[in-house]
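The values are calculated or read from the model by the stated rules, or taken from the named source; none is laboratory data. All values derive from a computational prediction rather than experimental measurement. Heads up, the Cβs are rebuilt from the backbone with ideal geometry, glycines too, and the neighbour counts pull from every protein chain shown. We work out accessible area using only protein heavy atoms, side chains counted, and drop any ligands, DNA or RNA first. Shrake-Rupley method; radii C 1.70, N 1.55, O 1.52, S 1.80 Å.
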Amino acid sequence: MALYAAAAAVLAGVESRQGSLKGLVYGSSFQNVKQLYALVCETQRYSTVLDAVIASAGLLRAEKKLRPHLAKVLVYELLLGRGFKGRGGRWKPLLDRHQARLKAELARLKVRRGVSQNEDLLEGGSKPGPASQVPRFVRVNTLKTCPEDAVDYFKRQGFSYQGRASSLEDVRALKGKCFLLDSLLPELLVFPARTDLHEHPLYQAGHLILQDKASCLPAMLLAPPPGSHVIDACAAPGNKTSHLAALMKNQGKIFAFDLDAKRLASTATLLARAGVSCCELAEQDFLEVSPSDQRYRQVQYILLDPSCSGSGMLTRQLEEPGTSVPSQERLRALAAFQQRALSHALTFPALRRLVYSTCSLYQEENEDVVRAALQQSPAAFRLAPVLPSWPHRGLGTFPGAEHCLRASPETTLTGGFFTAVLERVEVPSSVSQAEASAPEVTPNPAPKRKKRRRKATAAPSSQPGM
């Protein structure tokens, strides 16, 4: 019930202009931010449909104590969402009493509009586009389990494992309870779009991280070996931080910074659930972190994913109308901050490799920021050529920009994203030449589609065995 009350509070806050949808979600006391965000976005997307059904059914007239925003969330879950599945608290019996009438009014609305599918009821701007076809990517947390065991667990639950994807067409064809291993990342599973795993025991135990493929690229390309010292400059909400820790096998040190106390608290919760023990969290502005501080003298890897417009986020289009298009003033302010952060990061004396990433589609926050930083350090750093087979490259705004990576629902079946890998041209004298070789990213063999089942693994408890 706490989920529905929290979602109703966010919707009320958006309507009364108390803040943006995303800001209100992160400001909520509800712990599962992604689950809350998804429910609010979907409820808002169907807002006019829900208003029509609720009014026609006379729900608010019959139930005086039921507030409008809560009614909208509950009716969405009943008619269009996952159903209550044991949730709903004291409101579930109330909705059960009106269930037949509400379903009948939804059916009448479809007849009046001449449509058969729920999504056909949406206004033009709310209808699903390419973003709705993006699959559910699930990163196996190798600090707690391995891809083979995760695959076996899903198979025992009735899912059908299709092996390693060989093309985007394999991913597009996913339906029902089929799933694949990603073609690039050996620990990334791929499920059909809209597969909901928030209640899955492996997710709740920290064995799985719900993370878009494009968002997995920064840590993978930074590739810090075990024992490294790494800075995650803008760490919240923590998915990339946990990925770094997994790559490092919890050996070494991650210095993770973020200014937002609430987001940092959510990050701490995520990292604890994921079993991360090599990370030191700090509520601090990365721009105020001194490169000459002796604590960071061994930092050779930096992941910089700064605040951005979020224009590539799959759910951003579902927020308040117009929020997906930032003003030129905001775009300039974001780009100026991003340039300062990137230039600052490049001054750490032992730095060998840096990944700069955003979930923005704008050149001003991406190629322009990288070009400005390289112009300030023309002889010290260069863009590293990575993933030559990646289909979507950086905009050709300067020589070498093709080494940057872009992502989008249309070209890569992921969220909109930008990634650039900068590496030092001259290795600092304190770092041996042997250590300076850039890591190669080579996919591991896919778990085999076994005919004979392995011995069953118990479902995870507070101390999962997987």
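Stretch Lys65-Ala272 to full length: gain in nm at 0.36 nm per residue minus the Cα-Cα span? Please report the intermediate quantities before stating the final value.
Numbers: separation 207, 0.36 × 207 = 74.52 nm, distance 3.94 nm.
Answer, rounded to one decimal: 70.6 nm.
Put one equal scatterer on each alpha carbon of segment 214-424, apply the Debye formula with no solvent term, and list log10 I(q)/I(0) at q = 0.07, 0.10, 0.14 1/Å to two decimals.
For the requested q values the scattering log ratios are -0.19, -0.40, -0.82.
How big, in percent, is the set of alpha carbon pairs in segment 130-210 lying more than 16 Å apart? Provide the component values of the computation, followed by the final result.
Numbers: 1469 of 3240 pairs.
In whole percent, the long-distance tail amounts to 45.
Suppose R0 equals 25 Å; then what is the FRET efficiency for Glu329 and Ser20 from their Cβ-Cβ distance, rounded to the nearest 0.05? Don't skip to the answer; put the middle values down first.
Numbers: r = 17 Å, r/R0 = 0.67.
The value I calculate is 0.90.
How large a share of the accessible area of segment 130-210, in percent, is made up of carbon and sulfur atoms when the probe is 1.4 Å and the other protein chains stay in place? Walk me through the intermediate numbers first.
On the way: 1460 of 2920 Å².
Taking all protein chains in place, segment 130-210 shows 50 percent carbon and sulfur surface.
Show me, for segment 242-249, the HN-Hα J-couplings you get by feeding each phi into the Karplus relation (A = 6.51, B = -1.76, C = 1.60, θ = phi - 60°), rounded to Hz, glycine and proline as x.
These are the phi-based 3J(HN,Hα) values: 5, 5, 4, 4, 5, 5, 8, 6 Hz.
Which percent of the accessible heavy-atom area of segment 1-122 goes to carbon and sulfur, probe 1.4 angstrom?
On the way: 3030 of 5890 Å².
The nonpolar share, carbon plus sulfur, comes to 51 percent.
Please list Leu79, Leu281 in order of solvent-accessible area, largest first, computed with a 1.4 Å probe with all protein chains present.
Numbers: Leu79 30, Leu281 60 Å².
Ranked list, largest accessible area first: Leu281, Leu79.
At Gln31 and Cys146, where each label point lies 7 Å from the Cα along Cα→Cβ, what is the point-to-point distance in nanometres?
3.0
Could you please tell me the mean projected area of the C-alpha convex hull for segment 1-122, averaged over all directions and given in square nanometres to one decimal?
On the way: hull surface 29.6 nm².
Averaging across all directions leaves 7.4 nm² for the Cα convex hull.
Whats the longest run of the chain with zero GluC sites (Glu not before Pro) that are DSSP loop and have at most 15 other Cβ atoms within 10 Å?
200-425
Given a 1.4 Å probe, how much area per residue of segment 284-427 is accessible, in Å²?
Working: 6040 Å² over 144 residues.
In whole numbers, segment 284-427 has 42 Å² accessible per residue.
Using the alpha carbon gyration tensor of the chain, what are the three equivalent-ellipsoid semi-axes (square root of 5 times each eigenvalue), largest first, in whole Å?
On the way: eigenvalues 321, 135, 91 Å².
Listed largest to smallest, the semi-axes of the chain are 40, 26, 21 Å.
Along segment 25-41, what does the Karplus equation 6.51 cos²θ - 1.76 cosθ + 1.60 (θ = phi - 60°) give for ³J(HN,Hα), rounded to whole Hz, x for Gly and Pro?
The phi angles translate into 5, 5, x, 6, 7, 6, 6, 7, 4, 5, 5, 5, 4, 5, 5, 5, 4 Hz.
How about segment 115-210: which trypsin sites (Lys or Arg not before Pro) there lie in a loop by DSSP and see at most 15 other Cβ atoms within 10 Å? Kindly include the intermediate steps, with their values, before the conclusion.
On the way: sites: Arg136, Arg139, Lys144, Lys155, Arg156, Arg164, Arg172, Lys175, Lys177, Arg194; in loops: Lys144, Lys175, Lys177, Arg194.
Loop-located and lightly packed - Lys175, Lys177, Arg194.
Per-residue accessible area for Leu11 at 1.4 Å probe radius, Å² rounded to 10?
Accessible surface of Leu11 is approximately 20 Å².
What is the extension gain from Gln157 to Ala265, computed as 0.36 nm multiplied by their sequence separation minus the C-alpha to C-alpha distance, in nm to one decimal? The partial results should precede the final answer.
Numbers: separation 108, 0.36 × 108 = 38.88 nm, distance 3.31 nm.
Answer, rounded to one decimal: 35.6 nm.
Given charges of +1 on the Cβ of Lys and Arg and -1 on the Cβ of Asp and Glu, with all other atoms neutral, how large is the dipole of segment 130-210 about its Cα centre, in debye to the nearest 20? Mind dumping the intermediate values first?
Working: 10 positive and 9 negative charges, 38 e Å.
It comes to approximately 180 debye.
Find which of Trp390, Cys308, Cys359 sits farthest along the positive direction of the dipole of segment 214-424, computed with +1 on the beta-carbon of Lys and Arg, -1 on that of Asp and Glu, about the Cα centre.
Trp390
Just to compare against my own numbers: the Cα pair-distance distribution for segment 257-318, 10 Å bins, whole % per bin, please.
Reading the bins upward from 0: 16, 40, 36, 8, 1.
Gain in length, Gln284 to Ala12, computed as 0.36 nm per residue apart minus the alpha-carbon separation, to one decimal in nm? Before the final figure, lay out the partial values.
Working: separation 272, 0.36 × 272 = 97.92 nm, distance 3.17 nm.
Between Gln284 and Ala12, full extension yields an extra 94.7 nm.
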